[in-house]
(Lines give C-alpha, C1' and ligand atoms only; values in the text may rest on other atoms or scores of the structure.)
Protein backbone atom coordinates (compact mmCIF):
# COMPACT_ATOMS: atom_id res chain seq x y z
CA UNK A 1 0.00 0.00 0.00
CA UNK A 2 1.28 3.44 -0.92
CA UNK A 3 1.89 5.91 1.93
CA UNK A 4 -0.45 8.89 1.61
CA UNK A 5 0.69 11.07 4.53
CA UNK A 6 4.02 12.31 5.80
CA UNK A 7 3.53 10.23 8.96
CA UNK A 8 3.03 7.07 6.89
CA UNK A 9 6.11 7.82 4.77
CA UNK A 10 8.24 8.37 7.89
CA UNK A 11 6.96 5.15 9.46
CA UNK A 12 7.68 3.18 6.29
CA UNK A 13 11.21 4.60 5.94
CA UNK A 14 11.98 3.76 9.58
CA UNK A 15 10.35 0.33 9.39
CA UNK A 16 12.50 -0.60 6.39
CA UNK A 17 15.61 0.71 8.21
CA UNK A 18 16.29 3.37 5.63
CA UNK A 19 16.14 6.28 8.10
CA UNK A 20 16.75 6.20 11.84
CA UNK A 21 14.46 7.73 14.46
CA UNK A 22 16.96 10.44 15.42
CA UNK A 23 17.32 11.67 11.85
CA UNK A 24 13.54 11.64 11.39
CA UNK A 25 13.23 13.73 14.53
CA UNK A 26 15.58 16.33 13.04
CA UNK A 27 13.55 16.38 9.82
CA UNK A 28 10.29 16.90 11.74
CA UNK A 29 11.92 19.72 13.69
CA UNK A 30 12.98 21.46 10.50
CA UNK A 31 9.45 21.16 9.12
CA UNK A 32 7.92 22.53 12.34
CA UNK A 33 5.75 19.51 13.02
CA UNK A 34 4.22 16.39 11.51
CA UNK A 35 1.23 18.02 9.83
CA UNK A 36 2.92 18.67 6.48
CA UNK A 37 2.38 17.37 2.92
CA UNK A 38 4.11 14.07 2.17
CA UNK A 39 6.05 15.79 -0.64
CA UNK A 40 7.64 18.24 1.81
CA UNK A 41 8.89 15.48 4.09
CA UNK A 42 10.25 13.60 1.09
CA UNK A 43 12.08 16.69 -0.14
CA UNK A 44 13.67 17.30 3.27
CA UNK A 45 14.79 13.68 3.61
CA UNK A 46 16.42 13.80 0.17
CA UNK A 47 18.02 17.20 0.76
CA UNK A 48 19.47 15.97 4.05
CA UNK A 49 20.73 12.91 2.13
CA UNK A 50 18.81 10.59 4.46
CA UNK A 51 17.09 9.14 1.39
CA UNK A 52 18.08 9.15 -2.26
CA UNK A 53 15.65 10.00 -5.03
CA UNK A 54 15.57 6.31 -6.00
CA UNK A 55 14.68 5.22 -2.47
CA UNK A 56 12.00 7.90 -2.10
CA UNK A 57 10.43 6.98 -5.42
CA UNK A 58 10.13 3.33 -4.38
CA UNK A 59 8.69 4.26 -0.99
CA UNK A 60 6.06 6.49 -2.58
CA UNK A 61 5.08 3.62 -4.89
CA UNK A 62 4.50 1.42 -1.87
CA UNK A 63 7.47 -0.85 -2.56
CA UNK A 64 8.87 -2.79 0.39
CA UNK A 65 11.67 -4.62 -1.38
CA UNK A 66 14.55 -3.67 -3.65
CA UNK A 67 16.34 -1.50 -1.09
CA UNK A 68 18.81 -4.04 0.32
CA UNK A 69 20.75 -6.85 -1.34
CA UNK A 70 22.88 -8.71 1.16
CA UNK A 71 25.08 -6.15 2.93
CA UNK A 72 24.41 -3.53 0.24
CA UNK A 73 21.88 -0.70 0.50
CA UNK A 74 21.02 0.61 -2.95
CA UNK A 75 21.43 4.35 -3.48
CA UNK A 76 20.59 4.92 -7.14
CA UNK A 77 20.86 3.34 -10.58
CA UNK A 78 24.07 3.98 -12.51
CA UNK A 79 23.65 1.71 -15.53
CA UNK A 80 21.37 -0.73 -17.31
CA UNK A 81 21.66 -3.52 -19.83
CA UNK A 82 19.31 -5.88 -21.56
CA UNK A 83 19.28 -8.37 -18.69
CA UNK A 84 20.41 -6.48 -15.58
CA UNK A 85 20.53 -3.08 -13.93
CA UNK A 86 23.51 -1.72 -11.99
CA UNK A 87 23.24 0.38 -8.84
CA UNK A 88 25.59 2.37 -6.67
CA UNK A 89 25.24 1.06 -3.12
CA UNK A 90 26.76 1.37 0.33
CA UNK A 91 27.96 -1.48 2.51
CA UNK A 92 25.85 -1.16 5.67
CA UNK A 93 28.60 -2.79 7.75
CA UNK A 94 31.62 -0.66 6.91
CA UNK A 95 30.28 2.23 4.79
CA UNK A 96 32.28 1.31 1.68
CA UNK A 97 30.83 1.98 -1.77
CA UNK A 98 29.77 -1.02 -3.88
CA UNK A 99 28.19 -1.70 -7.23
CA UNK A 100 25.25 -4.11 -7.34
CA UNK A 101 24.13 -5.80 -10.56
CA UNK A 102 20.52 -6.97 -10.28
CA UNK A 103 18.96 -9.42 -12.73
CA UNK A 104 15.88 -7.86 -14.33
CA UNK A 105 12.57 -9.04 -12.90
CA UNK A 106 11.42 -10.49 -16.21
CA UNK A 107 14.16 -13.11 -15.90
CA UNK A 108 13.41 -14.00 -12.27
CA UNK A 109 11.10 -16.85 -13.29
CA UNK A 110 13.67 -18.19 -15.77
CA UNK A 111 15.53 -20.75 -13.68
CA UNK A 112 18.17 -21.25 -16.36
CA UNK A 113 18.95 -17.52 -16.57
CA UNK A 114 19.16 -17.25 -12.79
CA UNK A 115 21.48 -20.24 -12.55
CA UNK A 116 23.68 -18.90 -15.34
CA UNK A 117 23.81 -15.45 -13.70
CA UNK A 118 24.83 -16.97 -10.36
CA UNK A 119 27.28 -19.41 -11.93
CA UNK A 120 29.08 -16.74 -13.89
CA UNK A 121 29.12 -14.49 -10.84
CA UNK A 122 30.70 -17.25 -8.79
CA UNK A 123 33.24 -17.75 -11.58
CA UNK A 124 34.07 -14.05 -11.44
CA UNK A 125 34.72 -14.30 -7.69
CA UNK A 126 37.71 -16.48 -8.47
CA UNK A 127 39.39 -13.64 -10.38
CA UNK A 128 41.41 -11.21 -8.26
CA UNK A 129 43.51 -8.91 -10.39
CA UNK A 130 44.19 -5.14 -10.43
CA UNK A 131 42.63 -4.88 -13.90
CA UNK A 132 39.49 -6.93 -13.32
CA UNK A 133 36.55 -5.59 -11.32
CA UNK A 134 36.32 -7.78 -8.23
CA UNK A 135 33.06 -9.59 -7.49
CA UNK A 136 32.39 -9.67 -3.75
CA UNK A 137 29.09 -11.50 -3.34
CA UNK A 138 26.51 -13.46 -5.32
CA UNK A 139 23.09 -14.02 -3.80
CA UNK A 140 19.34 -13.82 -3.92
CA UNK A 141 16.84 -11.56 -2.17
CA UNK A 142 13.30 -12.88 -2.55
CA UNK A 143 12.92 -13.71 -6.22
CA UNK A 144 15.76 -11.42 -7.30
CA UNK A 145 19.29 -12.59 -8.08
CA UNK A 146 22.15 -10.13 -7.63
CA UNK A 147 25.91 -9.74 -7.82
CA UNK A 148 27.81 -7.31 -5.58
CA UNK A 149 31.10 -6.00 -6.91
CA UNK A 150 33.83 -3.44 -6.49
CA UNK A 151 32.71 0.10 -7.33
CA UNK A 152 35.00 2.09 -9.60
CA UNK A 153 34.81 5.88 -9.69
CA UNK A 154 35.00 6.79 -13.36
CA UNK A 155 33.24 5.78 -16.56
CA UNK A 156 33.24 3.13 -19.24
CA UNK A 157 35.82 3.30 -21.99
CA UNK A 158 32.96 3.69 -24.46
CA UNK A 159 31.74 6.81 -22.61
CA UNK A 160 35.28 8.18 -22.38
CA UNK A 161 35.87 7.88 -26.12
CA UNK A 162 32.39 9.16 -26.98
CA UNK A 163 33.07 12.33 -25.00
CA UNK A 164 36.77 12.84 -25.69
CA UNK A 165 37.44 11.05 -28.97
CA UNK A 166 40.67 9.13 -29.57
CA UNK A 167 42.95 8.78 -26.55
CA UNK A 168 46.49 10.07 -27.03
CA UNK A 169 48.95 7.36 -28.02
CA UNK A 170 50.97 6.95 -24.77
CA UNK A 171 47.80 6.89 -22.66
CA UNK A 172 46.00 4.55 -25.08
CA UNK A 173 48.86 2.04 -25.07
CA UNK A 174 48.90 2.15 -21.27
CA UNK A 175 45.14 1.43 -21.12
CA UNK A 176 45.44 -1.37 -23.67
CA UNK A 177 48.27 -3.02 -21.73
CA UNK A 178 46.18 -2.88 -18.55
CA UNK A 179 43.28 -4.61 -20.32
CA UNK A 180 45.59 -7.23 -21.83
CA UNK A 181 47.07 -7.87 -18.40
CA UNK A 182 43.64 -8.58 -16.91
CA UNK A 183 42.65 -10.80 -19.83
CA UNK A 184 45.91 -12.76 -19.67
CA UNK A 185 45.37 -13.42 -15.96
CA UNK A 186 41.83 -14.71 -16.60
CA UNK A 187 42.88 -16.90 -19.53
CA UNK A 188 45.64 -18.48 -17.43
CA UNK A 189 42.93 -19.52 -14.99
CA UNK A 190 40.75 -20.99 -17.70
CA UNK A 191 38.21 -18.15 -17.76
CA UNK A 192 37.29 -16.42 -21.01
CA UNK A 193 35.24 -13.24 -21.20
CA UNK A 194 32.97 -13.93 -24.21
CA UNK A 195 31.56 -10.38 -24.21
CA UNK A 196 34.49 -8.00 -24.58
CA UNK A 197 33.39 -4.52 -25.66
CA UNK A 198 34.22 -0.96 -24.68
CA UNK A 199 31.22 -0.71 -22.33
CA UNK A 200 32.65 -3.66 -20.38
CA UNK A 201 35.87 -1.75 -19.63
CA UNK A 202 35.79 0.72 -16.76
CA UNK A 203 38.36 3.51 -16.52
CA UNK A 204 38.80 5.06 -13.09
CA UNK A 205 39.34 8.73 -12.44
CA UNK A 206 42.99 7.91 -11.75
CA UNK A 207 43.44 6.18 -15.12
CA UNK A 208 43.13 2.53 -14.10
CA UNK A 209 41.40 0.24 -16.61
CA UNK A 210 39.40 -2.76 -15.37
CA UNK A 211 37.50 -5.44 -17.24
CA UNK A 212 34.01 -6.18 -15.96
CA UNK A 213 31.30 -8.81 -16.53
CA UNK A 214 33.55 -11.82 -17.05
CA UNK A 215 31.56 -14.76 -18.34
CA UNK A 216 28.20 -12.98 -18.21
CA UNK A 217 27.71 -13.34 -21.95
CA UNK A 218 26.01 -16.65 -21.17
CA UNK A 219 23.24 -14.82 -19.34
CA UNK A 220 22.70 -12.37 -22.18
CA UNK A 221 22.53 -15.05 -24.87
CA UNK A 222 19.00 -15.68 -26.15
CA UNK A 223 18.06 -19.32 -25.98
CA UNK A 224 16.51 -19.09 -29.41
CA UNK A 225 19.62 -17.72 -31.09
CA UNK A 226 20.08 -19.69 -34.29
CA UNK A 227 23.87 -19.48 -33.91
CA UNK A 228 23.95 -21.26 -30.56
CA UNK A 229 23.25 -24.73 -29.36
CA UNK A 230 23.42 -26.04 -25.80
CA UNK A 231 26.65 -27.93 -26.37
CA UNK A 232 28.55 -24.68 -27.05
CA UNK A 233 29.93 -22.14 -24.62
CA UNK A 234 27.42 -19.30 -24.06
CA UNK A 235 28.58 -16.16 -25.86
CA UNK A 236 27.13 -13.08 -27.48
CA UNK A 237 25.81 -13.00 -31.02
CA UNK A 238 28.94 -11.04 -32.02
CA UNK A 239 31.23 -13.86 -30.87
CA UNK A 240 28.98 -16.49 -32.48
CA UNK A 241 28.96 -14.62 -35.80
CA UNK A 242 32.75 -14.23 -35.85
CA UNK A 243 33.32 -17.88 -35.03
CA UNK A 244 30.84 -19.00 -37.68
CA UNK A 245 32.59 -16.79 -40.25
CA UNK A 246 36.03 -18.11 -39.31
CA UNK A 247 34.88 -21.72 -39.15
CA UNK A 248 36.09 -22.08 -35.54
CA UNK A 249 33.30 -22.86 -33.08
CA UNK A 250 33.76 -22.19 -29.37
CA UNK A 251 37.05 -20.39 -30.00
CA UNK A 252 36.53 -18.09 -27.01
CA UNK A 253 40.18 -17.44 -26.16
CA UNK A 254 41.12 -16.17 -29.62
CA UNK A 255 37.71 -14.54 -29.99
CA UNK A 256 38.48 -12.56 -26.82
CA UNK A 257 41.69 -11.41 -28.52
CA UNK A 258 39.76 -10.28 -31.61
CA UNK A 259 37.27 -8.24 -29.62
CA UNK A 260 39.98 -6.78 -27.40
CA UNK A 261 41.47 -5.67 -30.72
CA UNK A 262 38.23 -3.82 -31.53
CA UNK A 263 38.51 -2.05 -28.17
CA UNK A 264 42.12 -1.07 -28.92
CA UNK A 265 40.98 0.14 -32.37
CA UNK A 266 38.33 2.37 -30.76
CA UNK A 267 40.72 3.70 -28.12
CA UNK A 268 43.36 4.68 -30.68
CA UNK A 269 41.08 6.03 -33.40
CA UNK A 270 37.97 7.22 -31.58
CA UNK A 271 35.87 5.23 -34.06
CA UNK A 272 34.29 1.77 -33.72
CA UNK A 273 35.83 -0.99 -35.82
CA UNK A 274 32.51 -2.79 -36.29
CA UNK A 275 29.26 -1.17 -37.39
CA UNK A 276 27.28 -0.61 -34.19
CA UNK A 277 23.72 -1.89 -34.00
CA UNK A 278 21.26 -3.47 -31.57
CA UNK A 279 19.74 -5.48 -34.40
CA UNK A 280 20.87 -9.07 -33.96
CA UNK A 281 20.61 -9.72 -37.71
CA UNK A 282 22.99 -6.85 -38.40
CA UNK A 283 25.39 -8.02 -35.71
CA UNK A 284 25.43 -11.56 -37.11
CA UNK A 285 26.04 -10.41 -40.71
CA UNK A 286 29.52 -11.64 -41.85
CA UNK A 287 29.94 -8.43 -43.87
CA UNK A 288 30.20 -6.53 -40.58
CA UNK A 289 33.58 -8.20 -39.98
CA UNK A 290 34.90 -8.22 -43.54
CA UNK A 291 34.11 -4.51 -44.01
CA UNK A 292 36.34 -3.26 -41.17
CA UNK A 293 38.53 -0.41 -42.40
CA UNK A 294 42.24 -0.83 -41.54
CA UNK A 295 43.24 1.12 -38.44
CA UNK A 296 46.13 2.70 -40.36
CA UNK A 297 43.55 4.21 -42.75
CA UNK A 298 41.13 5.43 -40.09
CA UNK A 299 43.87 6.93 -37.89
CA UNK A 300 46.58 7.86 -40.37
CA UNK A 301 48.71 9.63 -37.73
CA UNK A 302 49.24 6.42 -35.75
CA UNK A 303 52.64 4.75 -36.00
CA UNK A 304 52.49 1.82 -38.39
CA UNK A 305 53.87 -0.67 -35.87
CA UNK A 306 50.99 0.09 -33.48
CA UNK A 307 48.40 -0.31 -36.23
CA UNK A 308 49.99 -3.60 -37.29
CA UNK A 309 49.74 -5.12 -33.80
CA UNK A 310 46.06 -4.20 -33.55
CA UNK A 311 45.49 -5.44 -37.10
CA UNK A 312 46.90 -8.84 -36.20
CA UNK A 313 44.58 -9.02 -33.18
CA UNK A 314 41.66 -8.54 -35.58
CA UNK A 315 42.52 -11.09 -38.26
CA UNK A 316 39.38 -13.00 -39.25
CA UNK A 317 41.35 -16.23 -39.51
CA UNK A 318 42.08 -17.21 -35.87
CA UNK A 319 45.33 -18.87 -36.94
CA UNK A 320 46.59 -15.49 -38.19
CA UNK A 321 45.83 -13.71 -34.90
CA UNK A 322 48.04 -13.53 -31.85
CA UNK A 323 47.36 -16.89 -30.25
CA UNK A 324 47.40 -15.87 -26.58
CA UNK A 325 46.91 -12.77 -24.49
CA UNK A 326 50.55 -13.15 -23.43
CA UNK A 327 51.55 -12.80 -27.10
CA UNK A 328 49.54 -9.58 -27.30
CA UNK A 329 51.14 -8.25 -24.12
CA UNK A 330 54.63 -9.00 -25.42
CA UNK A 331 53.80 -7.17 -28.67
CA UNK A 332 52.51 -4.04 -26.91
CA UNK A 333 55.11 -3.70 -24.16
CA UNK A 334 57.95 -2.43 -26.38
CA UNK A 335 55.52 -0.10 -28.17
CA UNK A 336 54.38 1.39 -24.86
CA UNK A 337 58.01 2.00 -23.94
CA UNK A 338 58.84 3.40 -27.37
CA UNK A 339 55.93 5.86 -27.44
CA UNK A 340 55.89 6.77 -23.75
CA UNK A 341 54.80 10.30 -22.87
CA UNK A 342 57.38 12.75 -24.17
CA UNK A 343 58.77 10.34 -26.72
CA UNK A 344 55.88 9.90 -29.13
CA UNK A 345 57.47 12.10 -31.76
CA UNK A 346 55.95 14.66 -34.11
CA UNK A 347 53.22 12.36 -35.40
CA UNK A 348 51.32 13.07 -32.17
CA UNK A 349 51.06 16.82 -32.72
CA UNK A 350 47.53 18.13 -32.40
CA UNK A 351 45.99 14.98 -30.88
CA UNK A 352 43.99 15.62 -27.75
CA UNK A 353 44.97 13.91 -24.53
CA UNK A 354 42.72 11.39 -22.81
CA UNK A 355 40.35 12.44 -20.06
CA UNK A 356 42.28 10.68 -17.32
CA UNK A 357 45.96 11.71 -17.45
CA UNK A 358 48.33 10.29 -14.89
CA UNK A 359 49.05 12.49 -11.85
CA UNK A 360 52.57 13.26 -13.10
CA UNK A 361 51.29 14.16 -16.57
CA UNK A 362 48.55 16.27 -14.99
CA UNK A 363 51.09 18.20 -12.90
CA UNK A 364 53.33 18.81 -15.90
CA UNK A 365 50.43 20.01 -18.02
CA UNK A 366 49.12 22.32 -15.32
CA UNK A 367 52.54 23.85 -14.94
CA UNK A 368 52.46 24.81 -18.62
CA UNK A 369 48.98 26.42 -18.37
CA UNK A 370 47.04 28.62 -15.99
CA UNK A 371 45.25 25.52 -14.77
CA UNK A 372 42.48 23.11 -15.68
CA UNK A 373 38.76 23.77 -15.77
CA UNK A 374 36.13 21.04 -15.82
CA UNK A 375 33.02 22.13 -17.72
CA UNK A 376 29.69 20.37 -17.07
CA UNK A 377 27.47 20.92 -20.09
CA UNK A 378 25.21 18.67 -22.19
CA UNK A 379 25.00 20.77 -25.36
CA UNK A 380 27.80 19.86 -27.76
CA UNK A 381 27.68 23.31 -29.32
CA UNK A 382 28.02 24.97 -25.92
CA UNK A 383 30.79 22.52 -24.96
CA UNK A 384 32.85 23.55 -27.97
CA UNK A 385 32.20 27.25 -27.35
CA UNK A 386 33.30 27.00 -23.71
CA UNK A 387 36.29 24.86 -24.61
CA UNK A 388 37.43 27.48 -27.13
CA UNK A 389 36.82 30.36 -24.71
CA UNK A 390 38.82 28.89 -21.82
CA UNK A 391 41.57 27.56 -24.07
CA UNK A 392 42.14 31.09 -25.36
CA UNK A 393 42.44 32.23 -21.74
CA UNK A 394 45.25 29.71 -21.27
CA UNK A 395 43.37 26.94 -19.47
CA UNK A 396 43.17 23.22 -20.20
CA UNK A 397 39.53 22.09 -20.47
CA UNK A 398 37.84 18.84 -19.48
CA UNK A 399 34.21 18.27 -20.43
CA UNK A 400 31.56 16.04 -18.91
CA UNK A 401 27.77 15.97 -19.20
CA UNK A 402 26.85 14.68 -15.75
CA UNK A 403 27.13 16.96 -12.66
CA UNK A 404 27.01 14.02 -10.25
CA UNK A 405 29.85 12.34 -12.11
CA UNK A 406 31.81 15.58 -11.94
CA UNK A 407 31.47 15.58 -8.16
CA UNK A 408 32.66 11.99 -8.05
CA UNK A 409 35.71 13.00 -10.07
CA UNK A 410 36.46 15.79 -7.57
CA UNK A 411 36.31 13.31 -4.70
CA UNK A 412 39.61 11.82 -5.88
CA UNK A 413 43.17 12.87 -5.01
CA UNK A 414 44.55 14.78 -6.77
CA UNK A 415 41.40 16.46 -8.14
CA UNK A 416 41.06 16.39 -11.93
CA UNK A 417 40.85 20.16 -12.34
CA UNK A 418 41.46 23.46 -10.57
CA UNK A 419 37.91 24.74 -11.03
CA UNK A 420 34.47 23.26 -11.75
CA UNK A 421 32.04 25.16 -13.98
CA UNK A 422 28.40 24.07 -14.37
CA UNK A 423 25.80 25.53 -16.69
CA UNK A 424 22.13 25.79 -15.70
CA UNK A 425 21.14 26.60 -19.27
CA UNK A 426 21.14 22.91 -20.22
CA UNK A 427 21.24 21.19 -16.80
CA UNK A 428 18.77 23.35 -14.87
CA UNK A 429 18.04 22.12 -11.32
CA UNK A 430 20.73 19.42 -11.51
CA UNK A 431 23.45 22.06 -11.89
CA UNK A 432 22.17 24.11 -8.94
CA UNK A 433 21.88 21.04 -6.70
CA UNK A 434 25.41 19.88 -7.54
CA UNK A 435 26.78 23.41 -7.08
CA UNK A 436 25.16 23.69 -3.65
CA UNK A 437 26.63 20.35 -2.54
CA UNK A 438 30.08 21.90 -2.84
CA UNK A 439 29.26 24.33 -0.05
CA UNK A 440 27.34 21.89 2.16
CA UNK A 441 29.73 18.94 1.94
CA UNK A 442 33.01 19.46 3.86
CA UNK A 443 34.72 17.04 1.46
CA UNK A 444 34.40 19.64 -1.33
CA UNK A 445 35.32 22.62 0.85
CA UNK A 446 38.38 23.51 -1.24
CA UNK A 447 36.83 23.08 -4.70
CA UNK A 448 36.44 26.39 -6.60
CA UNK A 449 33.30 26.48 -8.76
CA UNK A 450 31.29 28.74 -11.05
CA UNK A 451 27.56 28.37 -11.72
CA UNK A 452 26.82 29.77 -15.16
CA UNK A 453 23.25 31.09 -15.51
CA UNK A 454 21.32 33.19 -17.99
CA UNK A 455 19.53 36.49 -17.21
CA UNK A 456 16.23 34.58 -17.44
CA UNK A 457 17.28 32.19 -14.66
CA UNK A 458 17.19 34.57 -11.71
CA UNK A 459 15.61 31.89 -9.51
CA UNK A 460 18.62 29.61 -10.01
CA UNK A 461 21.01 32.43 -9.18
CA UNK A 462 19.03 33.27 -6.02
CA UNK A 463 19.12 29.65 -4.79
CA UNK A 464 22.84 29.18 -5.36
CA UNK A 465 24.93 28.94 -2.18
CA UNK A 466 27.91 31.18 -2.81
CA UNK A 467 31.01 31.79 -0.74
CA UNK A 468 34.64 32.79 -1.28
CA UNK A 469 35.26 29.88 -3.68
CA UNK A 470 31.82 29.44 -5.25
CA UNK A 471 30.39 32.17 -7.48
CA UNK A 472 27.51 32.72 -9.90
CA UNK A 473 28.12 34.32 -13.28
CA UNK A 474 25.47 35.34 -15.80
CA UNK A 475 25.85 35.03 -19.54
CA UNK A 476 27.00 36.45 -21.82
CA UNK A 477 30.50 35.71 -20.55
CA UNK A 478 32.87 38.65 -20.70
CA UNK A 479 36.58 37.88 -20.93
CA UNK A 480 37.69 40.48 -18.41
CA UNK A 481 35.04 39.47 -15.88
CA UNK A 482 35.83 35.75 -16.18
CA UNK A 483 39.58 36.35 -15.98
CA UNK A 484 39.14 38.37 -12.79
CA UNK A 485 36.83 35.79 -11.26
CA UNK A 486 39.16 32.87 -12.00
CA UNK A 487 42.12 34.76 -10.59
CA UNK A 488 40.18 35.31 -7.38
CA UNK A 489 38.94 31.75 -6.74
CA UNK A 490 41.60 29.51 -8.32
CA UNK A 491 44.54 29.20 -5.94
CA UNK A 492 47.34 27.10 -7.46
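The values are calculated or read from the model by the stated rules, or taken from the named source; none is laboratory data. These figures come from a predicted structure and were not determined experimentally. Here Cβ is always computed from backbone atoms with ideal geometry, including for glycine, and neighbour counts include all displayed protein chains.
A few remarks follow.
- In the stretch 477-492, the residues that are in contact (Cβ under 8 Å) with a residue 12 or more places away in the chain form Cβ pairs under 9 Å with partners that are loosely packed, with under 10 Cβ neighbours inside 10 Å and part of a helix (DSSP H, G or I), at six or more places apart or across chains, as follows: 479/392.
- Qualifying residues in the stretch 83-95 (those that are touching a residue at least 24 places away in the same chain (Cβ under 8 Å) and not in a strand (DSSP E or B)) - the one farthest from residue 155 (Cα to Cα): 92
- Just one of the listed residues (142, 182, 190, 165) is modelled with pLDDT under 85 and under 30 Å from residue 328 (Cα atoms), and it is 190.
- Residues of the stretch 258-301 satisfying the condition of being closer than 23 Å to residue 82 by Cβ, part of a helix (DSSP H, G or I) and free of Cβ contacts under 8 Å to residues at least 60 places away in the same chain: 280, 281, 282, 283, 288, 289
- Against the test of being over 30 Å from residue 72 (Cα atoms) and either buried (at least 23 other Cβ atoms within 10 Å of the Cβ) or assigned by TED's automatic domain parsing to the domain that holds residue 209 (or both), the options 173, 183 yield a single qualifying residue, 173.
- Yes/no for residue 72 being buried (at least 16 other Cβ atoms within 10 Å of the Cβ), under 30 Å from residue 4 (Cβ atoms), touching a residue at least 24 places away in the same chain (Cβ under 8 Å) and not assigned by TED's automatic domain parsing to the domain that holds residue 189: yes
- Of all residues in the stretch 460-485, those satisfying the criterion of being in a helix (DSSP H, G or I) and in contact with a helix residue (DSSP H, G or I) (Cβ under 9 Å, 6 or more places away or on another chain) are 460, 461, 463, 479, 482.
- Among the criteria (1) under 21 Å from residue 243 (Cα atoms); (2) surrounded by fewer than 18 Cβ atoms within 10 Å (Cβ to Cβ), the one residue 188 does not fulfil is (1).
- Note on the stretch 404-445: residues that are within 22 Å of residue 208 (Cβ to Cβ) and in a helix (DSSP H, G or I) amount to 7.
- Subset of the stretch 10-23 [assigned to a helix (DSSP H, G or I) and either in contact (Cβ under 8 Å) with a residue 60 or more places away in the chain or closer than 18 Å to residue 74 by Cβ (or both)]: 12, 13, 14, 15
- Scanning the stretch 382-403 for residues that are closer than 23 Å to residue 483 by Cβ and in a helix (DSSP H, G or I) turns up 382, 383, 384, 385, 386, 387, 388, 389, 390, 391, 392.
- For the stretch 446-455, the set of residues classified as part of a loop (DSSP other than H, G, I, E, B) and either surrounded by 11 or more Cβ atoms within 10 Å (Cβ to Cβ) or modelled with pLDDT of 90 or more (or both) consists of 446, 447, 448, 454, listed by residue number.
Conditions (1) out of contact with any strand residue (DSSP E or B) (no Cβ under 6 Å at 6 or more places or on another chain); (2) part of a helix (DSSP H, G or I); (3) surrounded by 19 or more Cβ atoms within 10 Å (Cβ to Cβ); (4) at pLDDT 90 or above, marked per residue:
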site	(1), (2), (3), (4)
218	yes, yes, yes, no
226	yes, no, no, no
230	yes, no, no, no
234	yes, no, yes, no
239	yes, yes, yes, no
250	yes, no, no, no
256	yes, yes, yes, yes
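- Residue count for the stretch 40-64 satisfying the condition of being within 22 Å of residue 438 (Cβ to Cβ) and in a loop (DSSP other than H, G, I, E, B): 5.
- Among the residues of the stretch 120-133, those that are surrounded by fewer than 16 Cβ atoms within 10 Å (Cβ to Cβ) and in contact (Cβ under 8 Å) with a residue 40 or more places away in the chain comprise 126, 130.
- Here residue 80 clears all of (1) surrounded by 15 or more Cβ atoms within 10 Å (Cβ to Cβ); (2) free of Cβ contacts under 8 Å to residues at least 12 places away in the same chain; (3) within 18 Å of residue 54 (Cβ to Cβ) except the condition numbered (1).
- The listed residue being outside the structural domain of residue 46 (by TED's automatic domain parsing), modelled with pLDDT under 85, within 16 Å of residue 143 (Cα to Cα) and crowded, with 19+ Cβ neighbours inside 10 Å, out of 113, 101: 113
- Failed criterion for residue 246 (all others in (1) within 22 Å of residue 121 (Cβ to Cβ); (2) at pLDDT below 85; (3) in contact with a helix residue (DSSP H, G or I) (Cβ under 9 Å, 6 or more places away or on another chain) hold): (1)
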